[in-house]
1. Any idea which of (1) hydrophobic (A, V, I, L, M, F, W, C); (2) at pLDDT below 95; (3) in contact with a His (Cβ under 9 Å, 6 or more places away or on another chain) is the one Ala830 doesn't satisfy?
2. What is the residue count in region 162-183 for residues that are in contact with a Ser or Thr (Cβ under 6 Å, 6 or more places away or on another chain) and buried (at least 24 other Cβ atoms within 10 Å of the Cβ)?
3. Kindly state which helices (runs of 4 or more DSSP H) lie completely within region 613-701 and contain at least 3 residues that are outside the structural domain of Val283 (by TED's automatic domain parsing) and surrounded by fewer than 23 Cβ atoms within 10 Å (Cβ to Cβ).
4. Within the group Ile583, Ile564, which residue is outside any helix (DSSP H, G or I) and either within 26 Å of Gly751 (Cα to Cα) or within 16 Å of the ligand (Cβ to nearest atom) (or both)?
5. Hey, which of the helices (runs of 4 or more DSSP H) in region 384-473, taking only ones fully inside, have at least 2 residues that are among the hydroxyl-bearing types (Ser, Thr, Tyr), closer than 24 Å to Trp219 by Cβ and within 16 Å of the ligand (Cβ to nearest atom)?
6. Tell me which of these Gln109 doesn't satisfy, since it passes every other one: (1) in contact with a helix residue (DSSP H, G or I) (Cβ under 6 Å, 6 or more places away or on another chain); (2) crowded, with 16+ Cβ neighbours inside 10 Å; (3) part of a loop (DSSP other than H, G, I, E, B).
7. Ser215 - would you say it is in contact (Cβ under 8 Å) with a residue 24 or more places away in the chain, in contact with a strand residue (DSSP E or B) (Cβ under 6 Å, 6 or more places away or on another chain) and hydroxyl-bearing (Ser, Thr, Tyr)?
Amino acid sequence: QDEYLDQWGKALEQSPLANQQTDVASLQASIAYHMNASLFRTQHNLEKVAVYQALAHSMADKLLLDWNRTQQRYRKDNPKRVYYLSMEFLLGRALDNAMLALHMKTAYQEAVQGLGFRLEDLLEQERDPALGNGGLGRLAACYMDAAAALDLPMWGYGLRYQYGLFRQSVQQGFQVEAPDDWLMRHHPWEFPRDIKYDVQFYGYVATKMNDKGESRLFWESDHKIRAVAYDVPVPGKDGFCGNIRLWASQPPHHGGFDLDAFNQGNYDQSIASLKDAFLLTSVLYPNDNHQAGKELRLKQEYFFVSASVQDVVHRFKRYRCPWSEFPNKVAFQLNDTHPTLAIPELQRILVDVEGLAWDDAWDIVTRTFAFTNHTVLPEALEKWPIYVMEKVLPRHMQIIYDLNLFFLQKVEEKFPGDRDLLNRVSIIEEASPQQVRMAFLAVVGSHSVNGVAALHSELVVKELFNDFSLYYGKDKFINITNGISPRRWLYQANPGLRDLITHTLGSEDWVADLPQLQKLAPFADNLEFQQQWMAIKYANKVRLTQWIRDDCGLTVDPRALFDIQVKRMHEYKRQFLNILGVIHRYRVLLQMSPEARRRVPPRVVIFGGKAAPGYAIAKLVIKLINSVADVVNNDPVIDDHLKVVYLPDYNVSLAEKIVPASDISQHISTAGTEASGTSNMKFVINGGLILGTVDGANIEIRDEIGEDNIFLFGTLADQVADIRHAQKYHGVLLDANLQSVLDAIQAGVFGDASIFNPLIDTLTYGGDFYLISEDFDAYIKRQNDVDALFLQKAAWAAKSIRCTAGMGFFSSDRSIGQYASRIWKVDKTALGNGSTSTAD
Ligand code: GPW
């Protein structure tokens with residue numbers, strides 16, 4: 001075979017793939033080619049979606065060549081590789097991103113124009129892959145993007161859900177869910193591979209003799225499901241392309257068809273295993289920051305990690321290194337606890353299959369894994385009942401018992417006689433039913449544990465894993481503050497601002513070196529620059545206005561203050577506080593004289609975000625927002641002074657339109673509950689000011705952009721426990737303004753009051769766990785500060801510029817650089833940017 005390598009290389013050099021030109025005529029030729037050859041259509045039958053697909057194929061050709069070169073180079077150099085294990089990748093649309101990364105957007109724009117289409121229209125044809133819920137999944141996408149940009153040998157591993165996060169519509173003010181059948185139309189951005197692994201469930205553990213005559217435990221089961229790989233290219237730059245490998249489930253053999261059963265007329269039986277396999281990766285669980293605890297979800301988690309670990313072990317064995325080298329070649333990063341079963345899975349493979357001694361195997365495992373925690377909310381911490389785990393994964397349950405035993409023995413050695421401590425740190429929770437605490441398993445099996453913002457990491461050490469930090473010492477617990485991709489969230493989403501920044505700084509170097517944004521600061525008080533800056537903001541608001549008109553049939557004035565809160569609907573994120581504040585504003589405006597009203601800047605308050613289908617209270621907040629919108633938007637006295645918008649089906653591509661158009665965005669979680677937040681970063685980098693609590697990454701944003709450029713308010717994290725304690729014993733004394741707002745709701749000002757009772761009860765009988773009443777007054781006051789500043793156009797513009805200027809720290813390139821040096825100990829690959837290396 002080797003003797004033909006050269007010939008293959010030459011053949012590729014001669015192929016159309018390697019000889020693609022980027023002039024307009026060649027791009028048109030490539031689009032026309034794909035229209036005929038890939039889509040089997042002609043120019044006599046053109047729909048936008050078909051043209052989009054042909055365009056996507058044309059673009060993907062370029063990407064594939066880069067993909068092959070990059071991956072071939074890794075294969076040859078065999079550097080230490082990083083595997084980012086995540087149940088969610090919220091990638092958003094691919095085409096625009098790819099065209100920009102490869103500097104081909106202008107050429108394609110001209111090419112499609114010459115064929116009678118507007119590029120902007122074609123981009124809208126792409127379905128937004130929604131294989132994630134919210135911040136956690138989008139972070140994974142931004143990190144893959146950064147790794148690709150940095151030429152870091154990192155692969156993502158995840159699941160190819162047949163249905164992504166549900167599509168949301170609003171009917172009579174209520175959220176209605178529909179399946180996200182994103183694969184119904186051909187999707188040109190994934191590449192099925194002939195790579196498969198069988199994953200088993202259930203069964204029993206037996207003893208077997210190995211070749212050396214030693215007896216070994218062995219897990220056997222007839223219940224197998226096959227994982228097949230789909231690769232998704234991640235455009236980097238300079239010819240580099242990263243990869244995300246997503247697993248889909250298939251029946252293990254014969255396509256899942258039982259011919260004998262069929263012949264006997266048992267038709268259901270004949271395709272039973274097909275149904276099983278299809279179900280496994282059919283749908284993404286729609287919970288954000290909440291564990292649903294369903295057996296199918298546990299099976300998804302195991303299916304995903306088993307296939308991924310098998311694939312990585314297979315790749316490692318290709319080089320015939322000794323097992324002790326494994327941690328020098330492989331780093332696994334666990335994106336929260338969802339992939340934690342990878343820890344006992346690797347231990348199982350090393351001990352049961354590869355025959356390593358338990359302690360040697362465990363040493364390898366713990367030097368390979370690192371764990372990122374993304375929440376301290378108790379309802380989000382995964383725990384699996386032992387009876388479920390024993391049934392689905394009997395061998396893993398044994399391994400977890402053993403790991404726990406050895407771990408507790410060591411704790412006992414270090415802190416003799418402290419039985420309470422042993423109880424607290426045990427991986428098995430002694431409750432009824434007994435449960436496996438996945439976060440503890442992740443801590444024990446990893447060499448590094450990190451939180452995602454400074455405050456959060458502090459809470460992780462002091463509260464969540466306090467006992468563990470005393471046992472392991474503080475070095476194991478670190479902070480790596482989240483970051484966002486400046487490519488998608490500024491360069492792509494805000495072309496106007498991108499061009500102004502590039503023009504002002506003299507080059508595009510700032511994209512790869514974001515702290516350079518600081519060079520904008522000297523222009524903050526420059527009137528001409530301010531005007532250019534705010535003209536871009538205005539244009540972005542106009543664009544959003546059109547979207548609001550098309551999507552909600554509502555006309556809003558782009559000169560108004562745009563006040564935006566878009567994120568998953570959750571009590572801790574306090575959209576409820578926001579809408580209660582809106583009602584307060586409405587009432588105050590009604591009481592004002594027309595002259596006084598005119599002195600308040602008009603506002604458009606925009607909401608967006610999905611509620612988990614089973615989360616009744618969060619869904620009621622959506623209904624309340626829409627009921628308030630109905631009344632306020634149709635009140636002739638209020639006119640344009642206040643508008644309320646609920647944008648349905650918030651997703652990544654909608655975010656790209658919303659984020660650049662904010663004057664103010666709200667990040668108002670109860671202090672200590674939002675681990676980091678990342679949309680806060682997206683808004684600020686686009687020159688949007690924020691109104692927020694002293695929580696998550698808001699704190700570091702303040703530190704970077706300066707106290708004067710952010711509106712912070714409310715209870716501090718270290719005060720929350722005391723206030724809750726007091727409220728529990730003395731009851732909640734509702735803020736007076738808040739009380740009048742609640743009275744208005746209950747008086748039926750916003751329609752049938754009784755439906756909102758469960759919501760209002762969370763404040764009264766429920767004890768106001770999220771401190772809405774406690775923070776209400778400070779919130780209203782801060783909103784008034786926002787109004788006052790908005791009237792001072794120059795002062796506002798200066799702050800907006802300083803916001804962007806100060807955001808250099810929050811690039812995902814910085815975050816990934818820190819993971820690489822502090823956790824994974826990997827450098828950029830030896831060959832640098834990879835642009836010229838060839839496949840041999
Ligand atoms: F509960 N996050 C999320 F920690 O979006 F797993 N979904 C989740 O299920 C969890 C966390 C989990 C978010 C955090 O809420 C947000 O604060 C953080 O910025 C983001 O993860 C990325 O770290």
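The values are calculated or read from the model by the stated rules, or taken from the named source; none is laboratory data. Keep in mind the model is a prediction, meaning the values are calculated, not measured. Cβ atoms come from the backbone with ideal geometry, glycine included; neighbour counts cover every protein chain shown.
1. Ala830 satisfies every listed condition except (3).
2. Count: 0.
3. 616-633, 652-658
4. Criteria check complete, one pass: Ile564.
5. none
6. Gln109 satisfies all of (1) in contact with a helix residue (DSSP H, G or I) (Cβ under 6 Å, 6 or more places away or on another chain); (2) crowded, with 16+ Cβ neighbours inside 10 Å; (3) part of a loop (DSSP other than H, G, I, E, B) except (3).
7. Judged against the criteria, Ser215 is not a match.
Conditions (1) touching a Gly at 6+ places or on another chain (Cβ under 6 Å); (2) within 29 Å of Asn634 (Cβ to Cβ); (3) crowded, with 22+ Cβ neighbours inside 10 Å, marked per residue:
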position: Gln746; (1), (2), (3): no, yes, no
position: Pro758; (1), (2), (3): no, yes, no
position: Thr764; (1), (2), (3): no, no, no
position: Cys803; (1), (2), (3): yes, no, yes
position: Gly808; (1), (2), (3): no, no, no
position: Ser811; (1), (2), (3): yes, no, yes
position: Gly817; (1), (2), (3): no, no, no
